[in-house]
Amino acid sequence: MIEIVGYQIKREIGQGGMASVYLAVQSSLEREVALKVMAPALAADPTFTRRFLQEARTLASLAHPNIVQVFDVGVTPNQQHYFSMQYLANGDFVARVHRGLDEAELKRILQGVARALAYAHQRGYVHRDVAPGNILFDSANNPVLTDFGIALAASQATRITSAGFSVGTSHYMSPEQARGGDIDTRSDIYSLGVLAWYGLTGHPPFDGSDGFAIAYAHVFEPIPRLPPKFAHWQPLFDRALAKDPKDRFADVEQFAEALETIGVPDLPAPKTLPEPNGKATVVTRSPAAAPTPAAAAKADPSRAPAPAAKAPPAPKSAAKPSAAAKPPQVPAQSAPAASRQTGLWLGIGAVAVLGLGAVGYLLTRPMAPADDMAATAPVPASVVSTPAAPAVPATATPSTPPPAPVDTPASAPPVDPAVTSEPFAAALAAVPSDTVPPGDAPLTDVLPTDLPPEGAADVPTADGIEAAPNGAMTDAAFLASLPTVEDPVAKLVRQGRGDLTAQRYSTPPGGNALDRFRLALRIDARDKGAKQGIADTARAYLNLGNKAATAGDLALARSHFEKAIEIATFAPPESKPVTDEVNHRRAALAGPFIDEAKRAAAAWDKEAAQAAYEKALAIDPKNAVAQEGLKKLPSIGSAGFVFRDRLDDGGSGPELVVLPGAKVAAGRYEVTRGEFRRWWTAAGAKVFGAKEPSCRDRESFFRSSKKRNWQNADVQQEDNHPVVCVSWDQAVAFTQWLSQRSGHTYRLLTNAEWDALSRDAKPASCSTANLADAAFNSTFEARSGAACEDGFAGTSPVGRYGAIANGLYDVDGNVREWVNSCQAGATSCREHRMRGRSWMSPPDKETVAFTDTVASDVASNNVGFRVARELGGR
């Protein structure tokens, strides 16, 4: 048994190809309802879904005491479409006729049905299936019109079926409906007339061995004559059953007025008969309204219904051919007239042949899904749905093999061949147009469909309700337009809001805010309320994450933040503020752990650094800084490891790289002007400010100028360029200052260490090192530079070129570097070395191993320095 929230399903009371009907109790109001549920196999097809919703829409918009009421419509989380409606357990019109129906009661019932049709017609709907099984009775014995599953919304010019095909109950369809042609409200008037005939006589006015024969009779056979005792009803039927819609009553109100004028004869005393519910009811049996004509004839041959009076001969063009008799002889006619008559009989003969073939096809083809539940299985009279009329078994003439079946066009909706006249419609279309009897509506080859093609864009109308391009409403627009039931999207959003208040964010399954909002979006992907609901659900998890983080439960905080991000993906635009806030909050919570990890890594405490990085990732799994830090932890203390020392003033020392052997680290870059200024301001100016060395330049190493110093080196420089015009003494003083501030031993590289670096250096060129080049030649009117050009005539920013030796930059080029060449333990050392090539070195005359020795107080604008740090136990 299926489950639908809000309903207690008691039992199944009807089943068809498109839906099943259950007797259920609506829990909120404790009332019995008929619950119509669409077949699960059809739910994935949007065409059948819209058909099902079309019936709910039609019924919901028709609030009338003689039309079944719709209470609710919705979709379950597992995509079961349903609507609940008034439960009518007091039998149908078929049962009333079988028990016996007097003329007064018949008039009362017909007046009720007429009022229902008039109301529907005023609102633009044609029922198209006014049949005995669709007239049920409420507890007050009032007739109630049901089953609008194939109703035509005339105001929107839409159709349920494709061109040339008819739907409905064969015995009760109008001639134009039998042909699959255009229909309007006068088609329902015809069906109401057939219903009245059935109620009066116990059988429909036209019958046949199959649907084809019945449809043929509706189109071609004259209106039967009633027995004398019912002759006072004949004028009503002559108008209501006219072949041409123009000859019928103009509207249902005229039918009701004509019905009111029919006099009711004196009746015998009433007698009591049992009702299906076990109660007794008083009925008055009309002499002609026996239980059924067949039963009456069996019990008393004298009560068998008299044969229908023969109508006056119809025009030859409208006469029904007999399969057992030869065509009647006709007088000679002119050639055109004879040709037309021959065409008529040939056309009708084609109809007969095609009809027989179609009957054979209907007997052998597999049953297609029905438009409505009545199409595949009869439904008890207590069910609010159309029970299928019993199909008369179709038989083919043994001597005539059936022709090959003609497939129903793919665009045609599923219909029951037992109660439709598809073969008749197809065969009639082959008849020449000049053979259509006078007064019949012309055949229509192209009719609009009721549903927009798949993928068609929605078109807004003037009143804000969306419609498909051909005028048919979309599912979302239909749901929004229901006047007597709650829009399921609005209902889901409202329920989701209640779940948020009750903190049912994503559990329990099927009864939580997230599931309801997502289901609402599946029904209407543009609903703003559902999208905002998802954003609010994501924010609820953000708030939970913040609470968990405040309480120190980082694992729970991470779980809530991840859930918030996951939910936000279901409504990206509306949830973006939540996503941004989650990311910001996670980064903020991870920040202190990352700082702690960096401090531990700088102190070479691998375990502490790893623990801090992991805490950061626990709260912010995608934090790039923490991920990169973890990758570098194994390299702490090994060759190539990059680090900085923290200084006592809160700043950092130069960036260092551990050299092979892990006993010393060297400056990754040459000391910059910015770093040197920091020392100069803090300590250097006090010692060297009054006696700065004269700075030599490229013109002559022996020519110096006191106007030239580290702040004005006579070459273009920025703070990110290597400092020049620095003496060996100043370079040593800088390293001593770093040692004091960091607590570690800083010094200059030794001559041996430099030799090792120069051996590891890759061959340099204008693209890999800053050497004398074309820019140098142009600026200084020189010829020693290479023909290539790196864009710098003097120094370049540090790190401008790639590392060429053990992760160090500018080992070759940019500036020469001071090294410590004094012997260990020496009390004085007057000569000091500078190593490498500089921005003014000709590439073809010097190598990276260049060496020169000068006094400690000498400075030059092509000489700088790089620091080294003793690692000791670290």
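The values are calculated or read from the model by the stated rules, or taken from the named source; none is laboratory data. Being a predicted model, the structure only gives us computed values, none of them experimental. In this analysis, Cβ positions are derived from the backbone assuming ideal geometry, glycine residues included, and neighbour counts consider all displayed protein chains. Note: areas computed on protein heavy atoms with side chains; ligands, DNA, RNA excluded. Shrake-Rupley method; radii C 1.70, N 1.55, O 1.52, S 1.80 Å.
For the range 732-804, the alpha-carbon coordinates run over 47, 25, 19 Å along the three principal axes, in decreasing order. With the cut-off at under 12 Å, measuring from each backbone N in the range 724-766 to a point 7 Å along the Cα-to-Cβ line of Cys822 picks out 728-730, 732-733, 748. Computed 3J(HN,Hα) for the range 489-502, one whole-Hz value per residue from the Karplus formula 6.51 cos²θ - 1.76 cosθ + 1.60 where θ = phi - 60°, is 5, 5, 5, 5, 5, 4, 5, x, 4, x, 5, 4, 4, 8, glycine and proline marked x.
On a 1.4 Å probe surface of the protein chains, which of Arg558, Arg99 comes out largest in accessible area, and what is the full order? Spell out each step's value before the answer.
Working: Arg558 85, Arg99 45 Å².
Correct descending sequence by accessible area is Arg558, Arg99.
Projected over all directions and averaged, the alpha-carbon convex hull of the range 488-581 occupies 5.6 nm². Label sites at Glu562 and Lys229, each approximated as a point 7 angstrom past Cα along Cα to Cβ, lie 8.5 nm apart.
Each residue, Glu12 and Ala611, gets one label point 7 Å from its Cα in the Cβ direction; the gap between the two is 6.6 nm. Within the full protein context, the accessible area of Asp580 is estimated at about 70 Å² for a probe radius of 1.4 Å. What percentage of all Cα-Cα pairs in the range 81-140 are separated by more than 12 Å? Pairs farther apart than 12 Å: 75 percent.
Near Phe561, within a Cβ-to-Cβ distance under 9 Å, what is the net charge of the other residues, with Lys and Arg +1 and Asp and Glu -1? Walk me through the intermediate numbers first.
On the way: positive: Arg558, Lys563, Arg585, Arg586; negative: Glu562, Asp620.
Counting the neighbours of Phe561, the net charge comes to +2.
In whole angstrom, how long is each semi-axis of the equivalent ellipsoid of the range 1-116, when you take the square root of 5 times every eigenvalue of its Cα gyration tensor and sort them from largest down?
They are 29, 16, 14 Å, listed largest first.
Report the FRET efficiency, 1/(1 + (r/R0)^6), for Asp247 and Asn141, where r is their Cβ-Cβ distance and R0 is 35 Å, rounded to 0.05. My answer for the efficiency is 0.55.
With Cα atoms defining each centre, the range 10-53 and the range 535-582 are spaced 39 Å apart in the structure. Amide H to amide H distances under 5 Å link Gln15 with Val21, where only residues 5 or more positions off or on other chains count and H is placed in the peptide plane.
From Cα pairs below 8 angstrom and at least 6 apart in sequence, can you work out the relative contact order of the range 688-786, rounded to a whole percent? Relative contact order, the range 688-786: 13 percent.
For Asp595 and Lys622, the FRET efficiency from 1/(1 + (r/R0)^6), where r spans their Cβ atoms and R0 equals 22 Å, is about 0.75.
If you take all other residues with their beta carbon under 10 Å from the beta carbon of Gly498, and give Lys and Arg +1 and Asp and Glu -1, the sum is +3.
What's the FRET efficiency of Ser635 with Arg830 using the Cβ-Cβ distance as r and R₀ = 35 Å, to the nearest 0.05?
Details: r = 41 Å, r/R0 = 1.17.
Given R0 = 35 Å and the Cβ-Cβ separation, E is 0.30.
Surface analysis of the range 605-674 yields an accessible area of 46 Å² per residue, using protein heavy atoms and a 1.4 Å probe. Among the trypsin sites (Lys or Arg not before Pro) within the range 659-700, those in coil by DSSP and having at most 11 neighbouring Cβ atoms inside 10 Å are Lys663, Lys691.
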